[in-house]
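Only the coordinates and a few stated rules stand behind these numbers; no lab work does. Small disclaimer: the values here were computed from a predicted structure and weren't measured. Positions of Cβ are backbone-derived with ideal geometry, glycine not excepted, and every protein chain shown enters the neighbour counts.
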Amino acid sequence: MHPNPAFRQTPQSEMLDFARARGFGILVLGAADGPLLAHVPFVLSEDGAFAEFHLARSNPIARAPVGVAVLAISGPDAYVSPDWYGLEDQVPTWNYVAVHLRGRIAPAEPQSLAPHLDRLSARFESRLAPKTPWTSGKMTAGVMERMMRGILPFRLHVEDVQGTWKLGQNKPPEAQAGAAAGISAHPLGSEAREIGALMAARQSAGI
């Protein structure tokens, strides 16, 4: 997480809402030979107490000892040209949004796998309206069960939530507005225009 406190004022409830809405992150677990990483879709509980996910049986994390892990959820990011600030002696930077969920991972009960997969698919399928949501009930009998043998359910029990909303809060309002306009006009990054919109919205709200 970025150490500047100006970028770390977002309430925990908003950080959890962001993580829940994204539903995809990088799981990082320490191991004897170095960090282990896995890209995982997940479902965050309504109270933010745990994130449920699954791993392929062959994934090294699935075979690692239970321990402390971090689930890093990245949001939009954008390159910021110093010319957009309208100030002298500025340097390029990147604005971004990210949340880290830290806690202990542990295997979940085997019987929780099927309900977890249903919750996971329902979470994302619900956003595809007016498409009729896909459900596991559409699978040929026995096929889903056979495929499920290759994966295992896990939970990350969340003990700490940290987030960075790096949106130029350390700059004067006029410089923030210039950077937001520049990003919106020349988006360079992942979902860069969303960064510009976030900057403009927070400035309008006086945040």
- Item | For the range 114-160, with +1 on Lys and Arg beta carbons and -1 on Asp and Glu, the positive-most of 156, 126, 140 along the dipole | 140
- For the range 103-116, Karplus-derived ³J(HN,Hα) couplings (6.51, -1.76, 1.60; θ = phi - 60°; whole Hz; x for glycine and proline) come out as x, 9, 9, 8, x, 8, 4, x, 6, 7, 5, 4, x, 4
- Extension gain from residue 13 to residue 185, taking 0.36 nm per residue of separation minus the Cα-Cα distance: 58.8 nm
- Extension gain residue 159-residue 45, at 0.36 nm per residue separation less the Cα-Cα distance, in nm? 39.7 nm
- Give, as ranges by residue number, the residues of the range 1-43 whose backbone N falls under 19 Å from the point 7 Å along Cα→Cβ of residue 197. 14-15, 17-24
- Message: Could you give the length gained by full extension between residue 139 and residue 126, i.e. 0.36 nm per residue of separation minus their alpha carbon distance, to one decimal place?
- Response: 2.8 nm
- Starting from the Cα of residue 204, move 7 Å in the Cα-to-Cβ direction to define the label point; list residues of the range 147-186 whose amide nitrogen is under 19 Å from there. 167-169, 173-186
- Message: Suppose R0 equals 35 Å. What FRET efficiency, 1/(1 + (r/R0)^6) with r the Cβ-Cβ distance, do residue 118 and residue 58 give to the nearest 0.05?
- Response: 0.90
- Output the relative contact order of the range 5-204, whole-number percent, from Cα pairs under 8 angstrom with separation of 6+ residues. 27
- Query: Distance in nm between label sites at residue 94 and residue 21, each 7 Å beyond Cα in the beta-carbon direction?
  - Reply: 2.1
- Query: Which of 132, 10 comes first, and how do the rest follow, when ranked by fewest Cβ neighbours within 10 Å?
  - Reply: 132, 10
- Task: Would you mind computing the Rg to Rh ratio of the chain from its alpha-carbon coordinates, Kirkwood style for Rh?
- Result: 1.05
- Query: Over the range 5-77, what per residue volume does the convex hull of the Cα atoms give, in whole Å³?
  - Reply: 121
- Message: Taking the Cα centre as origin and putting +1 on Lys and Arg beta-carbons and -1 on Asp and Glu beta-carbons, what dipole magnitude results for the range 5-204, to the nearest 20 debye?
- Response: 720
- trypsin sites (Lys or Arg not before Pro), loop per DSSP, at most 16 other Cβ atoms within 10 Å - longest free stretch of the chain: 58-130
